[in-house]
Amino acid sequence: NAIRVPQDYVTQSGPLREMNGSLGVLAQQLQNAKLQADAAHSALKQTDDLKPVFDQAFTKVVTTPADALQPLIPAAQTFTQQLVMVGDYIAQQGTQVSFVANGIQFPTSQQASEYNKL
């Protein structure tokens, strides 16, 4: 699902909408998995000599990756939503917009300005 030319905003808007929804599901699944792992980790009975080693491994394998990924999901959602908005704007212009040489042309500067704001 690459966007290489302006027309791709329109042709890829459906998959981008789906992707945006999937990112919401991913965020919830990640949070649930992290809570589940934390609960299991807390309930685990370990000897005093093993606990620090396991805690370090748990942090490296579970906590750090989850904490790194969690803030990226909303940013990805915002980005995909912006791409959808661009596609919607182009689609709303209908036949007024033309695609020329991997670019886009609008009949008025107001439309072009609005597009550039997106």
Report task. Pick out, from the range 1-64, the helices (runs of 4 or more DSSP H) lying fully within it that include 2 or more residues that are among the β-branched types (Val, Ile, Thr). Result -> 7-11
Query raised in the report: Here is a list of conditions, (1) surrounded by 13 or more Cβ atoms within 10 Å (Cβ to Cβ); (2) closer than 18 Å to residue 3 by Cβ; (3) out of contact with any Ser or Thr (no Cβ under 8 Å at 6 or more places or on another chain), and residue 26 meets all of them except one; can you say which number that is?
Result: (2)
Report task. Kindly list the number of the only condition in (1) more than 30 Å from residue 98 (Cβ to Cβ); (2) in contact with a Phe, Trp or Tyr (Cβ under 8 Å, 6 or more places away or on another chain); (3) of a type in the set (Val, Ile, Thr) that fails for residue 64. Result -> (2)
Report summary line: Note: among 88, 67, just one is at pLDDT 90 or above, of a type in the set (Asp, Glu) and under 16 Å from the mean Cα position of the chain (by Cα), namely 67
**Report entry** Qualifying positions in the range 37-58 - surrounded by 11 or more Cβ atoms within 10 Å (Cβ to Cβ) and polar (S, T, N, Q)
**Finding:** 46
Report summary line: Of (1) over 29 Å from the mean Cα position of the chain (by Cα); (2) under 21 Å from residue 2 (Cβ atoms), residue 99 fails just (1)
Query raised in the report: In the range 84-115, how many residues are polar (S, T, N, Q), assigned to a helix (DSSP H, G or I) and within 13 Å of residue 9 (Cβ to Cβ)?
Result: 2
Query raised in the report: Can you spot a residue in the range 63-79 that is hydroxyl-bearing (Ser, Thr, Tyr) and either exposed (fewer than 11 other Cβ atoms within 10 Å of the Cβ) or within 25 Å of residue 116 (Cα to Cα) (or both)?
Result: yes
Query raised in the report: Given the conditions (1) modelled with pLDDT under 90; (2) crowded, with 16+ Cβ neighbours inside 10 Å, and given that residue 2 satisfies all but one, which numbered condition is not satisfied?
Result: (2)
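The values are calculated or read from the model by the stated rules, or taken from the named source; none is laboratory data. Since the structure is predicted, the reported quantities are computational estimates derived from the model, not experimental observations. Note that we place each Cβ from the backbone using ideal geometry, even for glycine, and neighbour counts take in every protein chain shown.
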